[in-house]
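**Student:** Attaching a single structure in structure tokens format; questions to follow.
The values are calculated or read from the model by the stated rules, or taken from the named source; none is laboratory data. Quick caveat, the model's predicted, so the values are computed rather than measured. Here the Cβ is made from the backbone with ideal geometry for all residues, glycine too, and neighbour counts use every protein chain on show. Just the protein is used for accessible areas: all its heavy atoms, side chains included, with ligands, DNA and RNA removed. Shrake-Rupley method; radii C 1.70, N 1.55, O 1.52, S 1.80 Å.
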Amino acid sequence: MSDLLFRLRSLFFRRAAEAELDEELAFHLEHETGKLMRSGLSPEEARRRARMAMGGAAQIKEDVRDQWIWRWCRDLARDVRYAIRALRQSPTFTAVAVLSLALGIGANTAIFSILNAVIMKPLPVLEPDRLGHVFSGGDDSSSNAIWEQLRDHNDVFSSAFAYAHAEFDLAAGGEKRPIKGIYASGDYFRTLGVGAQVGRVLTVGDDRRGAAPIAVLSYGFWQRAYGGDPQVAGHTIRLSGHPFEIVGVTPRSFFGLDIGSTFDVIVPLTSEALIDAERPQLDGRSYWWLSIIGRLKPGVSFAQAADRLAVLSPAVYNASADEQMDRQERAEFGKGILHLKPAAGLSYLRDQYKRSLLVLMSIAGLVLLIACVNIANLLLARAGARGREIAIRQAVGAGRGRLIRQLLTESVVLSMAGAACGVVLARWFGPAVVAMISQRGESLWLDLAPDLRVLAFTSGTAILTGILFGLAPAVKATRTATAESLKQGGRSLSERLGGWRLGRVLVVLQVALSLLLVVGAGLFVGTLRNLARQSLGFRAEGVLLVSADLQQTHDSPERQADLAAELLTRVRAIPGVVAAARAAVTPLSGSSWGTMIRVDTGGVKRQLYGSMNLVSPGYFATMQTPLLRGRDFGPADTAESPHVAILNEQAAREFFPGADPVGKTYSALGFDRTETTVEIVGVAADAKYRTMRDPVPSTVYTPITQKPYPMPLTGTYEIRFAGSAAGVVGGVKEAARAVDPRISLEFRFLSAQVASAYLQERLVALLAAFFGLLALVLACAGLYGVVSYGGSRRRSEVAIRLALGSSRAGVLWLMLRDVAALVLTGVPLGLAGSWLCGRLVRSMLYGVTPSDPLTLAGASAVLLAAAFLAGFWPARRAARMDPVVALREE
């Protein structure tokens with residue numbers, strides 16, 4: 001340790017160490033001189049002999065410095081200083097190289113930061129690796145009845161909790177002020193090991209029926225809404241019209257358990273029955289809406305806990321079965337098994353974007369590789385210009401290994417400079433990508449703050465990048481024949497051909513990789529184009545969607561249905577409204593619901609699944625979905641009239657193959673287990689509802705006025721308008737105030753909802769196109785540099801050809817022929833790589849295949865055109881030289 005401290009002192013306090021060394025050498029010299037003078041020698045002779053006895057002062061200092069600090073560290077410091085001076089002398093080369101590396105390393109760092117936040121970062125809780133997520137089969141959610149049974153009979157967790165996301169409204173009427181909330185059971189914070197920044201957190205005593213409603217705020221919401229007031233505990237906040245007492249604020253680092261989202265307020269789980277009093281999910285055994293998390297007991301492994309849960313499952317499921325189930329359904333329900341997996345962050349974002357982020361990471365890595373190849377070519381040209389300098393170093397005794405180390409140091413310094421600029425770009429690029437993902441209207445939140453993992457990735461990438469693009473030019477540069485290079489203007493044949501061949505190989509590699517990225521960009525852009533151009537079965541432009549929260553009126557379900565109908569009547573009378581309707585499910589909202597229906601075709605009874613939607617009369621006209629046969633719903637279709645339905649084309653084909661379904665009937669099973677006969681009165685055109693990629697499902701439309709399910713489904717209002725949207729929005733607000741001032745409204749456009757349905761494809765297409773363009777620019781820069789370098793090296797040859805009578809067009813073709821040879825060698829390699837890589841992303845494509853001929857031909861044509869332009873200008877400059885001037889210079 002003392003040796004280490006001594007060396008570190010010498011490293012960081014160099015001037016003081018040097019001064020002490022000079023004083024010590026002077027002391028020894030004076031001591032030896034005095035000793036010799038006492039033996040009778042004159043002062044001059046004594047000093048001379050003392051110096052001879054001590055040896056060279058410079059050598060002594062070098063030996064002592066070797067004891068101060070590790071030699072390699074000292075040499076590295078020297079090499080770095082020299083590299084910085086050398087790069088400063090070539091500002092154009094340094095700027096181009098740093099910019100190329102900054103773009104490549106910055107893109108990689110930004111996407112890795114997102115991957116780190118989505119997949120790798122641990123949750124900000126106590127021992128997150130001991131948390132387990134309990135789920136049933138393919139469903140990650142559970143009912144409250146299952147949670148209560150597991151809570152009361154659990155013997156594998158030291159503590160456990162259930163939670164669910166919710167949206168609360170701060171407005172008391174008018175336009176909504178939604179905030180993100182969480183329903184959490186009493187042991188939520190204790191299980192996670194999270195305390196309070198201010199006040200206290202939720203406890204078991206708060207989560208019981210009849211307890212006073214309390215709320216815990218997130219740090220961010222506390223800052224935004226209350227200005228960080230330290231006395232916020234004790235204040236009251238109204239959530240969806242109900243008062244809650246604020247008891248505390250969570251720490252700044254805690255964002256919840258769901259990667260990609262955060263929360264504003266947490267309330268007890270039992271508060272759900274208060275806020276949603278009309279149809280509380282807390283009491284519904286058929287509502288699967290809770291996530292269950294438990295902390296394993298000390299010494300219990302995940303495998304042991306999973307085995308124990310499997311043993312407990314029959315008792316849990318049998319005790320939590322819905323009372324309305326018949327014997328067969330109860331027996332089937334009782335076969336359910338509870339599973340366990342690590343709760344390393346629950347997120348749709350991880351499942352939805354993991355593959356896309358990995359693809360983008362690979363694309364960014366290829367861009368960085370192209371940048372490395374490009375800079376390697378620049379370094380080859382630069383090494384040719386520094387041949388005399390390197391030869392002199394070799395002549396005075398520098399070893400080849402020492403020279404390679406010096407040149408690699410320059411490359412790494414260059415790479416580290418690019419990485420530093422890249423980190424700045426990543427700080428902008430990363431949030432920009434997150435913002436693109438957040439366009440669903442949901443405020444996506446990711447912690448992109450760099451941690452040790454990101455820093456290690458960026459540093460490692462910079463060092464490996466520097467070695468990658470610097471090694472080949474360094475080895476090539478130190479092979480120069482010393483005697484030949486020392487001659488003024490001398491160039492050895494081996495140096496000429498070797499550098500030229502390596503540069504050509506690198507350009508071929510650039511062309512192949514660039515074509516691979518351009519083809520990939522074409523495939524992803526084609527996927528986006530196909531999704532955007534497909535027939536949706538409705539016209540999204542000019543449609544305003546309005547969500548009206550009628551539950552804040554606290555009226556009965558029947559009264560809410562009357563208010564909803566009255567609001568629709570008033571909306572239709574607003575100036576500028578062409579048509580209006582309401583529906584339970586809006587197209588491409590990401591949600592759907594359905595049920596099993598029984599169809600009798602030719603005496604054969606079949607049970608089929610149908611996607612359901614409750615719509616008002618005029619819905620198809622509002623959405624401009626063609627009604628192909630039969631009639632639309634009308635005012636006569638009420639709760640007292642016979643039940644009717646309209647099928648889409650897919651349902652008509654599936655339910656009644658080869659027959660006209662209009663006039664036929666089917667049986668539907670309601671939530672109350674009663675069977676209802678429904679007559680089909682029409683057939684509508686197919687329309688997309690859940691996602692853009694899914695095939696059109698068999699969809700059954702029923703009148704929202706007949707309400708076949710015991711819930712106040714008032715639906716979302718679809719308003720087709722002409723003219724100003726602002727005037728329609730104002731009119732809707734006035735209509736809602738006239739119906740009931742307590743109604744809260746939320747507005748969005750159907751076109752924006754449709755655009756968000758292919759948000760992931762747009763993100764991948766835009767970034768792939770950007771990286772493809774960047775790769776094309778880098779490849780063109782590489783071609784330009786190689787042709788320009790080749791022209792300068794063949795200056796004498798070109799001058800002699802021109803002097804002997806060759807035409808300038810012939811010389812131009814000679815130079816372009818070399819470009820064509822490089823490009824035509826790289827294009828087949830790039831096409832082969834594109835086909836292989838395209839198979840890996842086949843599932844991400846839509847309407848195109850990895851071997852799509854138009855995409856391959858178009859990408860090749862773009863690359864050939866760009867390569868021609870990149871090679872034409874330096875070739876033209878070489879062909880227009882004055883041969884007399886060129887030969888005189890030689």
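**Student:** Once amide H atoms are built 1.01 Å from N in the peptide plane, which residues 5 or more positions from Leu338, or in another chain, come under 5 Å H to H?
**Tutor:** Residues meeting the criterion, in which the H sits 1.01 Å from N, are Ser313.
**Student:** A further question follows. If each DSSP helix of 4+ residues adds -39,500 (n - 2.57) and the sum is divided by the residues in the chain, what number results at 222 nm, nearest 500 deg cm²/dmol?
**Tutor:** -18000 deg cm²/dmol
**Student:** I'd like to know which of Gly847, Ala474, Tyr619 lies farthest towards the positive end of the charge dipole of the chain, counting +1 on Cβ of Lys and Arg and -1 on Cβ of Asp and Glu.
**Tutor:** Of the listed residues, the answer is Ala474.
**Student:** Just report the Cα centroid separation between segment 270-306 and segment 232-261, whole Å.
**Tutor:** Segment 270-306 and segment 232-261 have Cα centres separated by 20 Å.
**Student:** So for the chain, taking the charge dipole from beta-carbon charges (+1 Lys/Arg, -1 Asp/Glu), which of Ala376, Ile704, Leu290 sits furthest toward the positive end?
**Tutor:** Result: Ala376.
**Student:** Using amide H atoms built in the peptide plane, which far-off residues or other-chain residues are under 5 Å from Ser141 H to H?
**Tutor:** Hits under the 5 Å cutoff: Ser136.
**Student:** Met612's amide H: which non-local residues (gap 5+, or another chain) put their own amide H closer than 5 Å, with H modeled 1.01 Å from N in plane and none for Pro or chain starts?
**Tutor:** Here Trp593, Gly594, Thr595, Val700 satisfy the definition.
**Student:** Would you please give the FRET efficiency between Glu675 and Thr638, computed as 1/(1 + (r/R0)^6) with r the Cβ-Cβ distance and R0 = 22 Å, to the nearest 0.05?
**Tutor:** E between Glu675 and Thr638, to the nearest 0.05, is 0.60.
**Student:** Provide the packing ranking of 173-184, 43-54, 96-107, i.e. peptides ordered by the mean count of other C-beta atoms within 10 Å per residue, highest first.
**Tutor:** Top to bottom by mean Cβ count within 10 Å: 96-107, 173-184, 43-54.
**Student:** Modelling each spin label as a point 7 Å along the Cα-to-Cβ direction, I'd like the Ala809/Arg238 distance in nm, to one decimal.
**Tutor:** Computed distance between label sites Ala809 and Arg238 equals 8.5 nm.
**Student:** Using the scaling law 2.2 N^0.38 Å as the reference, what is the normalised Cα Rg of segment 621-683? The partial results should precede the final answer.
**Tutor:** On the way: Rg = 12.6 Å, N = 63, 2.2 N^0.38 = 10.6 Å.
The value comes to 1.18.
**Student:** Mind grabbing the accessible area of Val578 for me, 1.4 Å probe, Å², rounded to tens?
**Tutor:** Only protein atoms counted, so the area is about 100 Å².
**Student:** Short version: ³J(HN,Hα) in whole Hz for each residue of segment 615-626, in order, from phi by Karplus 6.51 cos²θ - 1.76 cosθ + 1.60 (θ = phi - 60°), x for Gly and Pro, what are they?
**Tutor:** Each residue of segment 615-626 in turn: 10, 8, x, x, 5, 5, 5, 5, 7, 6, 8, x Hz.
**Student:** Another question about this same structure. Where does the Debye-calculated log10 I(q)/I(0) of segment 178-246 sit at q = 0.22 Å⁻¹, using only Cα point scatterers of equal weight, no solvent?
**Tutor:** The computed values of log10 I(q)/I(0) come out as -1.11.
**Student:** Would you tell me the accessible area of Val396, worked out with a 1.4 angstrom probe on the heavy atoms of the protein chains, in Å² to the nearest 10?
**Tutor:** The value for Val396 is about 120 Å².
**Student:** How much of Lys688 can a 1.4 Å solvent probe reach, expressed as accessible area in Å² and rounded to 10?
**Tutor:** 20 Å²
**Student:** Computed from the mean reciprocal separation of all distinct C-alpha pairs, what Kirkwood hydrodynamic radius does segment 651-785 have, in Å?
**Tutor:** Here the Kirkwood hydrodynamic radius works out to 20.6 Å.
**Student:** Using θ = phi - 60° and the Karplus relation 6.51 cos²θ - 1.76 cosθ + 1.60, list the HN-Hα couplings for segment 175-188 in order, rounded to whole Hz, with x at every Gly or Pro.
**Tutor:** 6, 5, 10, x, 10, 8, x, 9, 8, 9, 6, x, 8, 4
**Student:** Something else now. Over segment 146-298, what portion of Cα pair distances is larger than 29 Å, expressed as a whole percent?
**Tutor:** 14 percent
**Student:** For the chain, with all protein chains present and a 1.4 Å probe, just round the carbon and sulfur fraction of the accessible area to a whole percent.
**Tutor:** Details: 24130 of 41020 Å².
Answer for the chain: carbon and sulfur cover 59 percent of the accessible area.
**Student:** Per residue of segment 234-244, in order, report the coupling 6.51 cos²θ - 1.76 cosθ + 1.60 (Karplus, θ = phi - 60°) as ³J(HN,Hα) in whole Hz, putting x for Gly and Pro.
**Tutor:** The phi angles translate into x, 6, 10, 10, 9, 10, 6, x, 10, x, 10 Hz.
**Student:** Here's another thing I want to ask about it. Which FRET efficiency value, to the nearest 0.05, do you get for Leu829 and Trp288 by plugging their Cβ-Cβ distance into 1/(1 + (r/R0)^6) with R0 = 56 Å? Kindly include the intermediate steps, with their values, before the conclusion.
**Tutor:** Working: r = 52 Å, r/R0 = 0.93.
For Leu829 and Trp288, the calculated efficiency is 0.60.
**Student:** How large is the translational diffusion coefficient of segment 562-691 in µm² per second when you combine the Kirkwood radius over alpha carbon pairs with Stokes-Einstein at 10 °C and 1.306 mPa s?
**Tutor:** 99 µm²/s
**Student:** Once all Cα-Cα distances of segment 136-225 are split into 5 Å bins that start at 0, what whole-number percent is in each one?
**Tutor:** Final binned percentages: 2, 10, 17, 23, 19, 13, 9, 4, 1, 0.
**Student:** May I ask you to list, by number, the DSSP H helices of the chain whose Cα span along the axis is at least 24 Å and whose average Kyte-Doolittle hydropathy reaches 1.0 or more?
**Tutor:** Qualifying helices: 91-115, 348-385, 400-437, 452-477, 493-533, 759-793, 808-840, 853-879.
**Student:** Still on this model: Can you pull the three principal axis extents for the Cα set of segment 94-144, in Å, largest first?
**Tutor:** So the three principal-axis extents are 62, 26, 14 Å.
**Student:** Shifting gears a bit: Could you do me a favour and compute the accessible area per residue for the chain, 1.4 Å probe, result in Å²?
**Tutor:** 46 Å²
**Student:** Take Asp600, Asp187, Asp129 and sort them by solvent-accessible surface of the protein heavy atoms, 1.4 Å probe, largest at the top.
**Tutor:** Asp129, Asp600, Asp187
**Student:** Moving on. Within the set Lys335/Lys688; Lys121/Lys297; Lys664/Lys707; Lys180/Lys297, which residue pairs have Cα atoms separated by over 26 Å?
**Tutor:** Lys335/Lys688; Lys180/Lys297
**Student:** Find the percent of Cα-Cα distances in the chain that exceed 42 Å, and round it to a whole number. Let's see the in-between values first.
**Tutor:** On the way: 216007 of 395605 pairs.
Percent of Cα pairs beyond 42 Å in the chain: 55.
**Student:** Something else: Under a 1.4 angstrom probe, counting protein chains only, how are Cys780, Cys837, Cys372 ranked by accessible area, largest first?
**Tutor:** Listed by decreasing accessible area, they come as Cys837, Cys780, Cys372.
**Student:** Taking +1 at the Cβ of each Lys and Arg and -1 at the Cβ of each Asp and Glu, which of Gly826, Thr458, Ala166 sits farthest along the dipole of the chain towards its positive end, judged by Cα position relative to the Cα centre?
**Tutor:** Comparing the listed Cα positions along the dipole, Gly826 ranks first.
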